[in-house]
1. For the charge dipole of region B:83-171, defined by +1 on Lys and Arg C-beta atoms and -1 on Asp and Glu C-beta atoms about the Cα centroid, which residue among B:CYS150, B:LEU168, B:GLY137 has the Cα displaced farthest towards the positive pole?
2. Just tell me how shielded B:521-527 is by partners: mean number of partner chain Cβ atoms within 10 Å of each residue's Cβ, no decimals.
3. Which of the lysines could be linked to A:LYS208 by a straight reach, that is with a Cα gap under 30 Å, when you skip same-chain ones fewer than 8 residues away?
4. Between A:VAL130 and residues 5 or more places away or on another chain, which pairs have amide H atoms under 5 Å apart, with H built 1.01 Å from N, and which residues are they?
5. Which loop trypsin sites (Lys or Arg not before Pro) in region A:415-479, with loop taken from DSSP, have no more than 15 other Cβ atoms within 10 angstrom of their Cβ?
6. Cα axis of helix A:501-511 to longest principal axis of chain A: angle in degrees, 0 to 90, nearest 10?
7. Between copies, how close do the A:ALA290 label points come, placed 7 Å along Cα→Cβ, listed in nm from shortest?
8. What are the semi-axes of the equivalent ellipsoid of chain A, taken as the square roots of 5 times the eigenvalues of the Cα gyration tensor, listed largest first and rounded to whole Å?
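Derivation of every value follows stated rules applied to the coordinates shown; laboratory data play no part. Everything numeric here is computed off the predicted structure, so don't read it as measured data. Cβ atoms come from the backbone with ideal geometry, glycine included; neighbour counts cover every protein chain shown.
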Number of protein chains: 2
Amino acid sequence: MEPGRRDGRVSFQVDPRGYRHWQLTVDGPVATLAMNVDEQAGLRDGYELKLNSYDLGVDIELYDAVQRLRFEHPEVRTVVLTSAKEKVFSAGANIRMLAAAPHAWKVNFCKFTNETRNGIEDASAHSGQVYLAAVNGTASGGGYELALACDHIMLIDDRSSVVSLPELPLLGVLPGTGGLTRVTDKRHVRRDLADYFATRAEGVGGTKAAAWKLVDEAVPRPRWDETVAERAAELGSGSRRPAVAQGARGIALTPLDKRCEDDRIGYRYVTADLDRAAGTATITVAGPDAEAPADAAALHEAGAAFWTLAVTRELDDLILDLRTNELELGTWVIKTAGDAGRVLACDRLLAAHAGDWLVNEIVHYLKRTLKRLDVTSRSLIALIEPGSCFAGSLFELALAADRCYMLSGVFEEDGQDAAPAATVTLAEANLGPLPMGNGLTRLQTRFFGDDAALAAASEAAGRALDAGEAHELGLVTFAPDDIDWDDEVRIAVEERASFSPDALTGLEANYRFAGPETMETKIFGRLTAWQNWIFNRPNASGPDGALRRFGTGQRANFDRKRV
Amino acid sequence: MEPGRRDGRVSFQVDPRGYRHWQLTVDGPVATLAMNVDEQAGLRDGYELKLNSYDLGVDIELYDAVQRLRFEHPEVRTVVLTSAKEKVFSAGANIRMLAAAPHAWKVNFCKFTNETRNGIEDASAHSGQVYLAAVNGTASGGGYELALACDHIMLIDDRSSVVSLPELPLLGVLPGTGGLTRVTDKRHVRRDLADYFATRAEGVGGTKAAAWKLVDEAVPRPRWDETVAERAAELGSGSRRPAVAQGARGIALTPLDKRCEDDRIGYRYVTADLDRAAGTATITVAGPDAEAPADAAALHEAGAAFWTLAVTRELDDLILDLRTNELELGTWVIKTAGDAGRVLACDRLLAAHAGDWLVNEIVHYLKRTLKRLDVTSRSLIALIEPGSCFAGSLFELALAADRCYMLSGVFEEDGQDAAPAATVTLAEANLGPLPMGNGLTRLQTRFFGDDAALAAASEAAGRALDAGEAHELGLVTFAPDDIDWDDEVRIAVEERASFSPDALTGLEANYRFAGPETMETKIFGRLTAWQNWIFNRPNASGPDGALRRFGTGQRANFDRKRV
């Protein structure tokens, strides 16, 4: 049985009333998210989640809480991340779970947890909801990395609580959720001290942890509660979120209307048709089925039913579902269907009210969801056909794809009933608000180093471009006509399925991130790639490896050769 | 038998008179380096180097040629890299060699070939010796990647010659020498076209290759020779190298005086003591044994005997030797011995004559050698003891180390004979001329994000700092006194040897490159890390993997799960 598949597929849909591992309380502008992992409630059998160690199920709840705080609690300006247990903040990812998990599970688990921590940083940076780590006990490994994702780290100074990254000395692997990168690139810990720290299983506490910049301050227990409260108030003071007194009301992230069949996953706007023989999922995103709300008030009124938010939530869930539950569907074919004008109208509504807190949340959520697509280890092929609506925000799906085929003209066999030839439209949504992890828009990344091409494409924004124009501008890869379409697309998809899945993952992980790197892309590129390599090596995951031998009392038996 | 160990250790010392695979001709300002691989002269048995495919031995000669052109041929402004064979430029790395090689050999081979290609780009950028790829036949895989390292790529347009990256479709691995990164980040090929290109084993030729920016121009055969000559003249026209008429004389890179014993490798200035039981190599670099040359003329006269150049050549060879031949020596302990004043005098001489072509070459060579250290997968621990000379350029060795221990005071047991307490000296050499691959100095990388600490250290330049001052400024990690020294150093070294070698490699590959990434660091970080992962996966290297099955007529049998 795959881990997490207690009842079949892993589901990413949870609700605070059903949380097993977190306590979320909101007190005016300050929310407290307290980790209180239920040892017996692991996602699968075979391990106990002691000492606030976590598995995917714990992190799914964390992700849900972070999302709900942004949408359902406009008044919250500071989130205090802490532990509800005595003497321990979090022991990080559960080792027995990791040791028993297949390689793909480990990699997927780390990817999701990384995305959630990046999302925490995104909230601090863009949502006016700043995260404060109140580390009230020892934080080890992934526990410390969770604190690292917060904007400010307070460590209780009680002669026993420490922060540590014991992965290397104890498990023979790396910290898997951005720890190495954040220690040097975010917290500016000197690399030689960072090296010492990461080899010291017993960690560093108190004033030394603060002097080395591993934490921002070490606070004695008697002053702990009051200092946490002070910092929470300070951190939230600059927030542009509506004050409690303004009475802004959050919107409810209502349950998704999701229908799962054996070969199909359907939501209101998004569907995925699964072809296991071919190894493909064909994802179709429908445009709005009504006119855009008239104004910001109407958008608030619509809440989770507003098309952009609804479609983003569905895509987000689908990406996670397919990634986790359908490993052998290596190619995702991406289509859209609907009215481009309505897509653009929703985009314009969002652009016109960029200062509105809810609008801000929707745009950043779409941004994060598209980033999730960028780091997904599946080949992405966009097909632009008559009846599609690749415009503005939805055109980002085509720009995220590894290749894009656009039909030139119509499907002749449809005769007089043939839908008109497809067009694509670049718009404001493609020119700034939805950057990739590398800090560039997908359009800038596409034309990296070719300013003339970027300018030409940008100047075409607002016009519906036919296949010839889109191809000329470099917005689509190929633009075959009806005669060649079926063969060309079929060959591309079949060929993709014939290649080494591992080599495709590596190819895409390189090509998708042309140009500059950021802390975020370094975490997914440099750090994760090395971790994946290490996870795959006998020194970690072999029967005598450190990960497998942890807790057995036996030392690992290493192949000493340096590679 | 390890590959390449025909007669024991792999040697990186070659001489043009002994080249088996390259023809180097110099005609005034234009040199031609023609690849003409001897099929039967592989470094090991078991494969034939057909179609100008290469193994480590071929690349060792290439590296030697690139180095000699810079030092021995000041008059050369353009190097035409071409093939002496009909219809084929180069088929890239030899597949049978790769398929049979152990993982560590593959990784080391790719690292060295990457360094050589980066060195080609360094010559074009900093030496005034611009590389022109005259691709006069098909260039596949590593063959095309060799062209990508050149500043200008000409492809013969003869209806059969193409460039290609067939690694993914044919071998289930990635191009291993920077191909993916250079295609997008250097040549600005659009990522979707790059994707198509890298899945198309048959490659792209003629005007399409030029239109997609895979090459700079496609030139019909009748105009080939004259166009190559024209471009060679154009590319060299801006060079600051001395013109032929000025009669500048190169210096001979005379054979290194190297003595190998079972537990010791010795050169004139550098020695390495090998402790196989402990898994360490203790590298001691001696300072100059005489005063620095009086002026630039005397430096030219000294040639390869000039201390900085001599010590750089020795270090370069030692790094390559230990990397390739001593995989189980996982920790390199780095020491220096000598007169810091003399080290600084050599540095000053170089700084004072930065416009001199030979001085320029020496400084860039030292820079490249230190970069080689940065990407070496060994733990580096610097020990600063009485009698050492960690000053200026030699202090870069301490800054390159993962940790640095400096004795506070003297070794008391030496009594009245005790050497005075060690000092370290920052100088101009640490503040700019020797950047790392990430574009920052080692000092900037060390203090990344902490401008105050960087300023404080920089302001201390020129002063001999004792252990207390150096520790206070953050220039050394720990400064134990005589009482603690032995234990602290012993524990650090012993502990290092007890950790997973793979996890250490990953840790160091992350920590050493804090801050920004460049094309060069992306090649060693993102691309190489993914490639190492893929090399380690059964889909490539297992008995049914694509790399092993290549040429057998059997298709690879892939595990279809995406990771």
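1. Farthest towards the positive end: B:LEU168.
2. Values: counts 3, 10, 1, 1, 7, 13, 6.
Partner Cβ neighbours, averaged per residue: 6.
3. Straight-line reach from A:LYS208, under 30 Å: A:LYS50, A:LYS85, A:LYS87, A:LYS186, A:LYS522, B:LYS335.
4. The list, which skips near neighbours in sequence, is A:THR78, A:VAL79.
5. Numbers: sites: A:ARG442, A:ARG446, A:ARG463; in loops: A:ARG463.
Passing both the DSSP loop test and the Cβ count: A:ARG463.
6. With rounding to tens, the tilt is 80 degrees.
7. 9.1
8. One finds semi-axes of 41, 28, 21 Å for chain A.
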